[in-house]
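Notes to accompany the following structure.
Please treat every number below as a calculation from the coordinates, not as lab data. For clarity, every value in this text was computed on a predicted model and none was experimentally measured. Positions of Cβ are backbone-derived with ideal geometry, glycine not excepted, and every protein chain shown enters the neighbour counts.
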Amino acid sequence: MSAPLTKHGKKFRPLVRESLGLTCTLDILFLRQEDPGAILKKGGDIDNRVKTFVDALEMPPEDLDGDETDDINYPLLESDTLVKGLSIQTERLLLPETTFPNEVHLIVEVKVHVEHAGTWNMCLL
């Protein structure tokens, strides 16, 4: 649909990017091994956990050590500023307890929105 973006000498082809006039909303189902309401008291800082997750969906803001390949990376987001909506629901993870009490499972629904229609994103309408 469009050329890869180059950042820190690496190539990225994010799905949601400003040059395509796109934004997105994220609906997150946060499954954990504790009661759903416990996330606010003993489950840790949900804001930081979700922020860390959203940061992992975007192109890295700085050069990170890693594979030195010419492969193209495919992050969801060019920048986390393109997330225009976020909802989080917590539920109990119905699996046997693991050796990692902080283990969570996330189910994420991504809805892509066309903010500025043009010939470059008409196929997404």
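Work out the FRET efficiency for THR52 and LEU125 from their Cβ-Cβ distance, taking R0 = 30 Å, and round it to the nearest 0.05. Numbers along the way, then the final one.
Details: r = 33 Å, r/R0 = 1.09.
E between THR52 and LEU125, to the nearest 0.05, is 0.40.
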Compute the helix-to-body angle for 46-57: its Cα long axis versus the longest principal axis of the chain, expressed 0 to 90° and rounded to tens. 30 degrees
Interchain or long-range residues, amide H under 5 Å from SER79's placed H: MET59
So how far apart, in nm, are the two label points at VAL108 and LEU86 if each is 7 Å from Cα heading toward Cβ? 1.1 nm
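Which value, in debye to the nearest 20, describes the size of the charge dipole of the chain about its Cα centre when Lys and Arg Cβ atoms bear +1, Asp and Glu Cβ atoms bear -1, and nothing else is charged? Display every interim value, and only then the final one.
Values: 13 positive and 22 negative charges, 85 e Å.
Approximately 400 debye in magnitude.
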Based only on the alpha carbon positions, what is the Kirkwood hydrodynamic radius of the chain, in angstrom? 16.6 Å
Run the helix sum for the chain: -39,500 (n - 2.57) per DSSP H stretch of 4+ residues, divided by residue count, reported at 222 nm to the nearest 500 deg cm²/dmol. -3000 deg cm²/dmol
How many lysine pairs in the chain, separated by 8 or more positions in sequence or lying on different chains, have Cα atoms less than 20 Å apart? 5
